[in-house]
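First comes the structure, then the notes that go with it.
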Amino acid sequence: MRGSLWLTVFLACLVAVAVPAAAIAQSMDLAPAGARVGIAQPMNGATVSSPVTVVMTTVYIQVKPAGEVVSGTGHHHLVIDDVPPAAGDVVTNDATHLHFGKGQKEATLDLAPGIHTITAQFADGLHRSYGPQLAHTIVIRVR
């Protein structure tokens, strides 16, 4: 009896570890074929003044507020002067990783003069990055 109790506990632990891993893997399968994310404004290579208006776009995937993982949907993040997260990683919430979990498609950024990279990174309802498949990076100069 004691051996079967330990086996039950062991199996329960395996399931507890395997389920989140499966959920992350499932999330990455939810992006439709051909889906893309872009930045319509400003254009790559543009010279702009601060504040900078950034307009984010999607093709073949719908913008939906964060909170629920729904196939074929997600929401925008902007990564400013930093490396975008890998597929499956949760997008950090800090000064260089901006979240638009209400489904926003436009943002106004106060950027210091100089060269900046801006990456539009799409993520699922739990902020897990779709990775490079649904990311688009531009470089701008702020005067």
- Note on the structure: Selection from the range 55-111 of residues surrounded by fewer than 16 Cβ atoms within 10 Å (Cβ to Cβ) and of a type in the set (Lys, Arg) yields Lys102, Lys105
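To keep it simple, each residue is scored yes or no on (1) part of a strand (DSSP E or B); (2) of a type in the set (S, T, N, Q).
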| position | (1), (2) |
| --- | --- |
| His75 | yes, no |
| Val79 | yes, no |
| Pro84 | no, no |
| Ala87 | no, no |
| Leu98 | yes, no |
| Lys102 | no, no |
| Ala107 | yes, no |
| Leu111 | no, no |
| Thr117 | yes, yes |
- What are the pairs, 6+ residues apart or on separate chains, where a residue within the range 62-79 that is more than 18 Å from Ala135 (Cα to Cα) has its Cβ under 9 Å from a residue that is modelled with pLDDT under 95? Val69/Ala23; Val69/Gln26; Val69/Ser27; Val69/Leu30; Val70/Leu30
- Exactly one condition in (1) surrounded by 14 or more Cβ atoms within 10 Å (Cβ to Cβ); (2) over 18 Å from Gly34 (Cβ atoms) is not met by Gly114; state its number. (1)
- Note on the structure: In the range 134-143, anything surrounded by 14 or more Cβ atoms within 10 Å (Cβ to Cβ) and either closer than 18 Å to Val70 by Cβ or among the β-branched types (Val, Ile, Thr) (or both) is listed as Leu134, Thr137, Ile138, Ile140, Val142
- Item | Unmet criterion (only one of (1) touching a strand residue (DSSP E or B) at 6+ places or on another chain (Cβ under 8 Å); (2) closer than 24 Å to Arg143 by Cα) for Val83 | (1)
- Message: I'd like to verify a number: residues in the range 33-53 that are within 13 Å of Gln121 (Cα to Cα) and hydrophobic (A, V, I, L, M, F, W, C), how many?
- Response: 3
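The values are calculated or read from the model by the stated rules, or taken from the named source; none is laboratory data. Predicted model, so just to flag it, every value in this text is computed and none were measured. Cβ atoms come from the backbone with ideal geometry, glycine included; neighbour counts cover every protein chain shown.
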